[in-house]
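Have a look at the structure below before the remarks.
The values are calculated or read from the model by the stated rules, or taken from the named source; none is laboratory data. Computed from a predicted model, the values in this text were never measured in an experiment. Neighbour counts run over all protein chains shown; Cβ positions are idealised from the backbone, glycine included. Just so you know, the surface numbers come from the protein's heavy atoms only, side chains and all, with ligands and any DNA or RNA stripped out. Shrake-Rupley method; radii C 1.70, N 1.55, O 1.52, S 1.80 Å.
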Amino acid sequence: MTTLQQQARALGDPTRHAIFSSIAELGRPMGVSELTQRFALNHNAIRQHLARLVSAGLVVERKAPASGRGRPPFEYVVDPVAEGRWGSNGPYEQLSGLLAEVITTGLSPGEVGRRAGERMRVPVPSGDAVADIGAAMARQGFDPEVREVEGGADMILHRCPFASTAVDAREAVCSLHLGLAEGLLGGVDGESGGGGMRIAELVAQEPERAECCLRIRELPPDGVPADARAMLTFRGGSPSSGRT
């Protein structure tokens with residue numbers, strides 16, 4: 001049975017389809033307890049539906065960020081590969097909306113990205129700004145890996161959800177990505193939830209290669225200028241460098 005057939009069968013159950021749609025539409029991870037309350041089903045029934053969605057490649061199961069004692073629970077997000085295929089808002093639908101906003105508002109791609117990032121922030125920050133931005137970037141399909149470095153962290157983005165468009169419009173798409181990261185973190189001055197961190201730079205590799213590096217650094221003691229923006233550096237072909 002192909003993946004598409006598995007997914008179609010998994011979504012053939014009305015309750016399972018409703019669970020998938022709820023996770024997709026909410027735009028953030030959902031846990032078993034929240035789904036239990038929403039659908040008035042017991043935990044075992046919800047888990048069985050989620051297991052079928054996971055095995056069909058429709059949702060991804062992962063550990064929630066630690067918060068207090070005990071093991072962190074599992075949370076569920078739509079698999080980026082399945083986004084846009086079954087009525088969820090996939091990456092290219094998101095990209096088209098952002099590019100339309102650039103055209104209709106006259107704002108730069110970086111500013112449009114920052115506004116979008118602000119809308120995508122986690123509703124209840126964990127207290128770990130890097131973890132929160134990593135979770136948000138994972139939901140967008142970037143497959144991030146956090147590597148601690150002196151003075152902050154480097155976030156390697158193993159996947160570009162907009163790769164085919166970025167080949168022809170690299171500066172615009174990468175500027176959107178950088179602005180998105182700034183908006184998710186809470187801006188450059190830490191006053192909007194950045195947790196004392198700022199986005200310092202996005203080192204953008206060729207889109208087909210991905211592996212771009214988002215450099216997240218601690219704010220200096222005296223802060224940064226209100227109009228400061230992160231650097232956007234291109235590697236592996238033109239454009240060679242730029243700013244948002």
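Go ahead and run the numbers for FRET between PHE39 and LYS63, Cβ-Cβ distance against an R0 of 22 Å, rounding to 0.05.
Details: r = 23 Å, r/R0 = 1.03.
The formula returns an efficiency of 0.45 here.
Provide the per residue accessible area, probe 1.4 Å, for region 109-178, rounded to a whole number of square angstrom. List each step's numbers first, then the result.
Numbers: 3040 Å² over 70 residues.
With the other protein chains kept in place, region 109-178 gives 43 Å² per residue.
Report the local net charge at GLU145: Lys and Arg +1, Asp and Glu -1, summed over other residues whose C-beta lies under 13 Å from its C-beta. The partial results should precede the final answer.
On the way: positive: ARG147, ARG159; negative: ASP143, GLU148, ASP154, GLU211.
Cβ neighbours under 13 Å give a net charge of -2.
For the ranges 157-163, 110-116, what's the packing order if you count other beta-carbon atoms within 10 Å of each residue, average per peptide, and put the highest first? The partial results should precede the final answer.
Numbers: 157-163: 20.3, 110-116: 22.6.
Going from most to least packed, we get 110-116, 157-163.
Using the Cβ atoms and a cut-off under 12 Å, what net charge is assigned to the surroundings of LEU214, where Lys and Arg are +1 and Asp and Glu are -1? Please report the intermediate quantities before stating the final value.
Working: positive: ARG147, ARG198, ARG215, ARG217; negative: GLU145, ASP154, GLU182, GLU201, GLU211.
Net of charged neighbours comes to -1.
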